[in-house]
Structures are given as C-alpha cells and as structure tokens.
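**Q** Structure below; questions to follow.
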Amino acid sequence: MIEGIGLLSLAIWVPIAAGVLILITGGDKNADGQRTLALLGSVLGFLVTLPLWTGFDNASAAMQFVEVAEWVPAYNIHYRLGVDGISMLFVLLNSFTTILVVLAGWAVIKVRTGQYMAAFLIQSGLLNGVFVALDGMLFYVFFEAMLIPLYLIIGMWGGPNRVYAAIKFFLYTLLGSLLMLVSLVYLYFQSGGSFEILAWHRVPLTMVAQTLLFIAFFFAFAVKVPMWPVHTWLPDAHVEAPTGGSVVLAAITLKVGAYGFLRFILPILPDASREYAYVIIALSLIAVVYIGLVALVQSDMKKLIAYSSIAHMGFVTLGFFLFNPLGIEGGLVQMISHGFISAAMFLCVGVMYDRVHSRQIADYGGVANTMPRFAAFFMLFAMANAGLPGTSGFVGEFMVILGAVQVNFWWAFLAATTLIFGAAYTLWMYKRVVFGAIGNEHVAEMKDIDSREFVVLGLLAVCVLGMGLYPLPFTEVMHTSVENLLAHVAHSKLAY
Amino acid sequence: MNFTVPDFTPALPEIFVLGMTCLILLSDSLFKDRGWNYPLTIFTLVVAAAITVLTSVPQIQFTFSGQFVDDAMADVLKLVAYFSTLAVVIYSRPYLLERGLLKGEFFVLVLFALLGMMVMISANHFISLYIGLELLSLSLYALVALQRDSAQATEAAMKYFVLGALASGFLLYGMSLLYGLTGTLELPAMAQILQAGVQNEMVLVFGLVFLIAGLGFKLGVAPFHMWVPDIYQGAPSAVTLFVGSAPKLAAFAITMRLLVDGLHPQVENWQGMLAVMAVLSLAIGNLAAIMQTNIKRMLAYSTISHMGFLLLGIMSGTFAGYTAGMFYVIAYVLMSLGSFGLVVYLSRNGLEAENLDDFRGLNSRNPWLAALMAILMFSMAGLPPFVGFYAKLAILQSLVGAGFVWLAVVAVMFSLIGAFYYLRVVKVLYFDTPKADAPIYTAIPDVQALLSINGLAVLMLGIMPQPLITLCTYAMQMTLQ
C-alpha cells in the first residue's frame, strides 16, 4: 500500500491521467507517441490493480482497501472507495480489457488516434470508479460520466448509422439513471442524511417505498444489463460501435448493470427483491430463450454476438434472483467469463472486418483456408460462447443451472436450453464464415493475424481456458461476500 | 422637516458605477479617441468588485430610509454580476469591432444595465425595486436595437419593449394592490403586516397573481416566455450574450426579495403558482428546443427550462431550496456566458455562427473550442462531473427534502428530454464533417483565455462544488437570519 493515495484511487486516476496527457499532446501528427502512451497508461493501470487480488483477504466479507475523504460536506457526499469479493474482480477485468482495446485499435484507428485512445482510458478509469464507489452519489457521478466517452466513441469512430446508435444508447441509459438519481436523494433523506451505500443496507423501508425504489433502480440497471424488453439499444450500439467500443460495451458496461443489482437492489430492498423476484426471473428466462432464438436468425455477426450477450446476461440476472450461493456466484462467474468471451468474439469479428470491411456472414466463407491461425482462435472462442465444458463459458452457466434446479426444475430446464441455442447460433455462424470453400476474392486476399493480434487473442484464450479448467481462484474470492449478501437479503427490513 | 444624511457606504459600489458610467458617457462624446471606453469599463468593473468586497460586512445594512439593503446575498450576486459583465465586454469586443458596433453606447448601456441590476439586487422597497428594474429593462431594449440597420434586431427590440412594458405594468398593478392592502411599500414591514393577517385575502391573492406574472415575464418562464426566443435570436449575438446571463441574477434576486423577504407569510399561495409555472417552463422549454436549428433560439428555449428548474428551488419554500436556487442561478450564468460566448467568438469574418450547421465538425477544426462547447453542453444537460449536475442535484435535494418527490420525478424526466438537444450539439461538433467553406479559427488570446477559464470553471466546480455551495449557504444564512 502506498502512503497517502490508495490502490483504488490509482486504479481510477492512472488511466484518466494518461488519457488527459494524451489529449494534451495534440493532433494526429503525434499518433505514434500517443499510441505508446496509451499502451503504457493501460498497462500501468492494470499493474496497479494486481495487488488488489494478491492482497485480498478471501475470508472477510467487509470492504477492503477502503479510502474515505470528504468531498462535498454540504450534502455529506464522501469520496469513499472500497472493494469486496463482488466488485474486486471487475476492476481487474476492466483494467485488463483496456489493454486489449488499446492494442486492438493500434493500427486500425488512423484519424484522431489520440482522442480515441484517451476516450478509452478515461472510460476505463470511470468504470473502475463505478465498481469501487461506496458512496451513492460518487457511484452516480461515475455511472453517468462514463456515458460521455462511450457516446463519443460510438459517434466518432462508429459505422454508417452511428449517430442514431450513439444518441439512442445515451438517452436509453440516461432514462434509467435519472430515476435512480431521485431514488438516491430519497434514500439520503430516509437514512438521515447519508449517501453511504453500506449505511443504506441497514435503513428500514416500508414495502411501498421499497416497491417504488425497486422500480426506479430496476429501470436504471435493467437498461444497462440489458434485460428484455429494454435491450433494443444494445444491438444498434454494438453494430455501429468500433471494435474497441463493442468490446468495452460488452465486456464491462453491461456488467455495471448486473453489479448494481447486487450492490443496490438486493441488499437495500430485500423484501421487494424477494417479492418481485418472479418478474426478474421471468424476464431473464425470456432473454435466455427468446433472444437466443433471435440470435439464430441474424445475418450480421456483430448483431448476433450482441443478442448472444443479452441471452448470456439473462443467465446472470436469473442467477442473482435465485437467492442461493450457487446462483449468485454462478452469475458472477458468468459475468467475468462473458467479459472474456464477448471481448474475444468482438475482437475476432473486428479482425475480419479490418480486412474485408463487412460484418455480414454472407460475405465470408472458407476463412480457415486463408487464416488458419485465426480460425483456431475463433473456434475456441465460439466453443466457449456455446458453453463447452473446459472453457469459462461452461462454469457460470452450469452453476446457475444447478442453482436453479434447487429452486424450480422448470426454470432450470428453460435456462438449460441456452446450451442448445447457444451452440446452434454460434457454431452455425462459425461454420458459414470459416468452413467451406473460399467464398469470394476478398476472403482469398485475407492475411492471417499478425503478432499484435496474436498477442491480444492469445491472452484472451489463456483467460478463457484458465478460468474454464480451474475456476477456484475466482469463486473463492467471492464466496464470503456472497454468503454475507445472502444473509443480508434474508433479513426483512419491514419489521422495524 | 429635519434632514439627515443617509449612510452611503452600503451603496458605494452603485455610486461608483454610476459615476464611472457618466464619466464614460462624457469622455465618449467629448474626446475623439474612443479607445478609452474599453479599459475604463474594465476598470469600473474591477474597482466596483473591490469596493463590494471591502465594504462587505456580515450584518444586514439598511440605508436610504429602508429603501436599500446590503446583505451577503446581495454582495455575492453583485460580484457574479460584475464578473459576467466583464466577460460579456471581453467576449463581445472583437464581434462588435468587426461589425462597427463598438461605440460608447454599448459600454454605457451595459453599465447602466448593470447598475439597474445592482439596485434590483439590493432593493428593499417596491420603489427602488421598480426603479432598478426599469433601468435594466430600458438599457436592454436599447442594446437589442443597437444594430439599427438590422430589421431583425429592430423587430426584436420592439417586441421586447412592448412585452416588457406590459410586464412592468403587471408588476406595478400588483404592487399597488399590495400597497392598498398593507399601507407600506417596504418589504420587511409588509411581511410583518401580512404575518399578522389581513382582512381581505382575495385582494391579497389578486395582487400576488399580478406580481408573479410580472416576475414570470422578467425571468422568462412559461407561460410568460414568448419574448425570450425572439429576442435571443433577433438581437446581435453579443447582446444576446448579455441578455442571457447577468439579468438572470437580478431576476432571481427580486424574486427572492419579493416572495421571501416580503411575501413569505403567503408561501402557500405562491408555491402553487410557481410549481405550475416551473413545470410548464420545463415542458415548453425542453420540447420546443428540440425543434430548433438556430443555436441561439435553441439556447433561448433551454433558458426557459433552466429558469423553470430554478423556480422549483424557490418553490420548495425552504432554506435548502433558496440556497439551491442561488447555486443554480450562478451555475446557469457561468454556463450561459460560456456557450453564448462561444457563439460570439465563432461569429467572425462577417459570418454569424448561428445555425447548428455552422458548428459542424468543429472538433476537427479546433479541438479545444469543441471541447469547451461540449463541456458546456454536457453541463447544461446536467451530467456529472460538471457544475450543472450539482445545480440540478441541489434543487432535487430541496424538492425531495420538502416532500415534493413527484415534482422531482417530473423535473428529471424533462431533463431527459432536454439531454437530447444538448447531445445533438455535441453530435454536430464531433460526429459531423465540417462544411467545405468552414473557417479555421485563429486564437484571439484574451478572449480565448477567458473562455477557457470559463469552460474549465464549469468542469472544476463540477469536480469540487463545495466552495460555491459554501458561499451560497453562507450568503443565504446571513440574509435570512
């Protein structure tokens, strides 16, 4: 621990400082320097988060690496940071993903490179802030502020319909979060003038208040997850965003919504959560089954992966509202694993897009003939996306299904259909794109991945396989915190 | 009748500004060299600020037989008014110079308007309040018509004058009714009489309605907002910059003086009216702004919605609400100065940067100016980490604290709609490609420096809002003790 400034502060501010530094260096004539600076900033940002894992006390459910400072005393807002088993891994995942994003945009982004890199670094710092903030208003500030860089990323470097997608993305997510803002202010008064999230966990609330707050928070987080039927922004945003934007969107920002369920809804509104769990479970199962079918008929690869993301996130919310350790831990594992897999899938599409400039499945065919190394990686990630045992995709889904069986067999049955649909849409796409005869002259001209792309995909392959074969280091971190959370949820707040 | 000399010290800044304005008026007509106007104006503003700070005392001081009050709220608002007038003068100089409008009249009228605002801010009496208001309004009418060969500006000035005079009439009629009822024109005395209760409640509410209608005109809130878009669009940008910034401080001040100092016993009666006006303003302002392609007109509608938000703070009728209102108005003036300042700054070489199209691809032409504009737009949309977010948060806090949760929900829903057109400006700045003939802007050092400070202040106050909150809380505490 460094004196004075804590690790969590570093995790937030190192990337942001690097981003600002890049912006100061000026325009495109310094592009190479800016790229190097971005890589340095993202690697440094990842390195400062590593001690969080090595120094983490698995046996404690309390917040660790806590930092508290006064921020706005007039409203009792504090700069209060800390991580527990639920949030710690996301900080690492986010900082790790930033490195991949910087590498993925290295050669592809040729205009306004500095702004591109800076936007991702600032975004990364803000996202870390979301995961470690323990003050409701600090959380909100990060939660909202992260929309700004992402809006610019989609709008500036996105595809032809990028403006529509960027504005839709922004307004959709803002709709949810503004209702949350009123809820936060309401909780401030209910708790006697405090924005501390952990204090809110103990505030007694009537059922009416819990219901209204549940609706407001649910909107805020369900839009982010996104849950059916408020998911429609996601396919648009994914399709139009540049590869890096899609990666961050899928790997990290979707997790913010699910994280909000665990940090706010379950512990602050336990009675409403139990009362309305069936709504969430129903919506989650719809996401798993219906969105799985929707993914099957997509002709655009990015759209297909976007729908597959929604289906996978349905698993996460399903697991959370089962109220047993397997379900919640399974959901968390699924979030991390989806972070790796969706990032990898989008990067794979990005690799092909950079060469052929098309995302349509029909424009490919026989890629394995020209890009054998790439095809091998893509195969691994496609299998992981389908939930093949031995890959990380299997672990989370299996845990959630086991958790669901304990509660209701038919929920588990419906959830398990994802193993079929997932395999169907992923592998069918894979078959059409990679196998067969070479589809056209564009595919014939494709060059196999270079060393930079090899490193990016290789790192992800290691993560996907490592987590799939030996998930214990991930689950043991979360176990105590999840038990603590469940004990908390079981305790009614109405009795006061 | 014995005559005592009143204590002049509380009114020293006003006296100084008046003297200097007359001096500038004289020097402009006596000497051929007009170059002195600009430095003299800046000198006036800086020294007035110094006088205000030096003569500031924690106690409330009354002078001129209770017509004039000097308290902490007045001092703070006046300081912000000096700053914004200073910014207006600096921002608009190149613009006016290019169009041949940089004459003595501009400086004199701006300073007279400032003096009017100062009197309004310190008014403790219906008469002084009205004198200040008319001084401000008359100066503004003339300023709007400054570009006399522009048909649009002349039309705007006529509209402004007719509607403004009507509003003044409303205000006066309300005042006369209240005077008839209470027999006093002095605000604190009126509060005492009303506290004891009056016989004819009907006349009282009647007077209140007229008073609030007049205030609504001056603030530019719905349904008295019709003049705002036309005047903002029609006036030369440099004048719009002025009309859209500092006078809001004075309008806030007289609303506070009239409703809180004078008519607080009637809080239940004016609360409802303010709530209706606020919600209407949020609705009309935000919805109408979506359709605008002229950025000045769009910002005019956005002003209407901001003033609606401000009214919500005053409406809550609590100390927290008044403090939030003051915070909001100061934050708003900062944002408004910056955004209109940029419009003025970009209007060069005979080109008016008025339409959204003129801002296309500003990021690829001048990234720094685009970043400043984006900061201001995000701040106006109420996103963190910019000062506009805390201004909104403060209002929401006061609403929820006073039990108006549903109004808070309505307010945030309308700010969601509002976010759309601010986002559209950012879209134009960043996502669109510039027009082929779009000019490259070379920096004008002093203007660009102040614009940068202005924009960065919006960001810094968003990251560290506490100093401004402390200042507003202190001012309100000292004023409403």
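The values are calculated or read from the model by the stated rules, or taken from the named source; none is laboratory data. Since we're looking at a predicted model, the values are computed, not measured. Note that we place each Cβ from the backbone using ideal geometry, even for glycine, and neighbour counts take in every protein chain shown. These accessible areas exclude ligands, DNA and RNA; they are computed on the full protein's heavy atoms, side chains included. Shrake-Rupley method; radii C 1.70, N 1.55, O 1.52, S 1.80 Å.
**Q** Across the stretch B:314-329, in residue order, what do the Karplus-derived ³J(HN,Hα) couplings come to in whole Hz, using 6.51 cos²θ - 1.76 cosθ + 1.60 with θ = phi - 60° and x for Gly and Pro?
**A** Per residue, the Karplus-derived 3J(HN,Hα) values read 5, 4, 4, x, 10, 4, 4, x, 5, 4, 4, x, 5, 4, 5, 5 Hz.
**Q** State, to one decimal in nm, how far the label point of A:Ala424 lies from the label point of B:Ile463, with both points 7 Å from Cα in the Cβ direction.
**A** So the label points at A:Ala424 and B:Ile463 sit 5.2 nm apart.
**Q** Follow-up question, since we're still on this one. Could you run the numbers on buried accessible area between A and B, total for both chains, 1.4 angstrom probe, in Å² to the nearest 100?
**A** 3200
**Q** Could you work out what % of the accessible surface of chain B is carbon and sulfur, using a 1.4 angstrom probe and leaving DNA, RNA and ligands out of the count?
**A** Percent of accessible area from carbon and sulfur atoms in chain B: 69.
**Q** Separate question: Pick out, in residue order, every one of the chymotrypsin sites (Phe, Trp or Tyr not before Pro) in the stretch A:420-459 that is DSSP loop and has at most 15 other C-beta atoms within 10 Å; say none if there are none.
**A** Passing sites in the stretch A:420-459 are A:Phe435.
**Q** Here's a follow-up. Give the range of the longest stretch in chain A that excludes all trypsin sites (Lys or Arg not before Pro) found in loop regions by DSSP and having at most 16 other beta-carbon atoms within 10 Å.
**A** A:203-446
**Q** Related question: FRET efficiency for A:His357 and B:Val276, Cβ-Cβ distance as r, R0 = 35 Å, nearest 0.05?
**A** Result of the calculation: an efficiency of 0.05.
**Q** Pull out a ≥ b ≥ c, the square roots of the eigenvalues of the alpha-carbon gyration tensor of the stretch A:65-112, then state rounded if a/c is under 1.5, prolate if not and a/b is larger than b/c, and oblate in the remaining case.
**A** Oblate, because a/c is 1.5 or more while a/b does not exceed b/c.
**Q** Check which residues have an amide H placed less than 5 Å from B:His125's amide H, if you skip close sequence neighbours.
**A** Placed amide hydrogens put B:Leu187 under 5 Å from B:His125.
**Q** Using modelled amide H (1.01 Å from N, peptide plane; none on Pro or chain starts), what sits under 5 Å from the amide H of A:Ile77, excluding residues fewer than 5 places away?
**A** Long-range HN contacts for A:Ile77: A:Trp71, A:Val72.
**Q** Another question, if that's okay. Once label points are set 7 Å from the Cα along Cα→Cβ at both B:Leu18 and A:Thr54, what is their separation, rounded to one decimal in nm?
**A** Result for the modelled spin labels: 7.4 nm.
**Q** Quick check: residue separation of B:Glu105 and B:Trp368 times 0.36 nm, minus the Cα distance between them. What number comes out in nm?
**A** 91.3 nm
**Q** If R0 is 22 Å, what FRET efficiency do you get for A:Met207 and A:Ala282 from their C-beta distance, rounded to 0.05?
**A** 0.60
**Q** What is the spin-label model distance, in nm, from A:Phe454 to B:Phe206 if the labels are put 7 Å beyond Cα along the C-beta direction?
**A** Label-label distance for A:Phe454 and B:Phe206, simple model: 9.2 nm.
**Q** Pull out a ≥ b ≥ c, the square roots of the eigenvalues of the alpha-carbon gyration tensor of the stretch A:239-326, then state rounded if a/c is under 1.5, prolate if not and a/b is larger than b/c, and oblate in the remaining case.
**A** Oblate, since a/c reaches 1.5 and b/c is not below a/b.
**Q** Once every DSSP H run of n ≥ 4 in the protein assembly as shown is given -39500 (n - 2.57) and the sum is divided by its residues, what mean residue ellipticity at 222 nm do you get, rounded to the nearest 500 deg cm²/dmol?
**A** -23500 deg cm²/dmol
**Q** Sticking with this structure for a sec: Assuming R0 = 45 Å, what is the FRET efficiency of B:Val47 and B:Asp357, from their Cβ-Cβ distance, to the nearest 0.05?
**A** In this case the efficiency is close to 0.60.
**Q** For the stretch A:98-104, in order, what is each residue's ³J(HN,Hα) by Karplus, 6.51 cos²θ - 1.76 cosθ + 1.60 with θ = phi - 60°, in whole Hz (x at glycine and Pro)?
**A** 4, 4, 4, 5, 4, 5, 5
**Q** OK, next. Mind ranking B:Val276, A:Val182, A:Val163 by accessible surface for me, highest first, 1.4 Å probe?
**A** So, going from the largest accessible area down, we get B:Val276, A:Val163, A:Val182.
**Q** Could I ask something else about it? Explain nothing, just compute: Karplus ³J(HN,Hα) = 6.51 cos²θ - 1.76 cosθ + 1.60, θ = phi - 60°, for every residue of the stretch A:337-354 in order, whole Hz, x for Gly and Pro.
**A** These are the phi-based 3J(HN,Hα) values: 4, 5, x, 5, 5, 5, 4, 5, 4, 5, 5, 4, 4, x, 4, 6, 4, 4 Hz.
**Q** Can you compute the label reach from A:Ala376? Point 7 Å from Cα along the Cβ direction, backbone N cut-off under 17 Å, restricted to the stretch A:449-473.
**A** A:449-466
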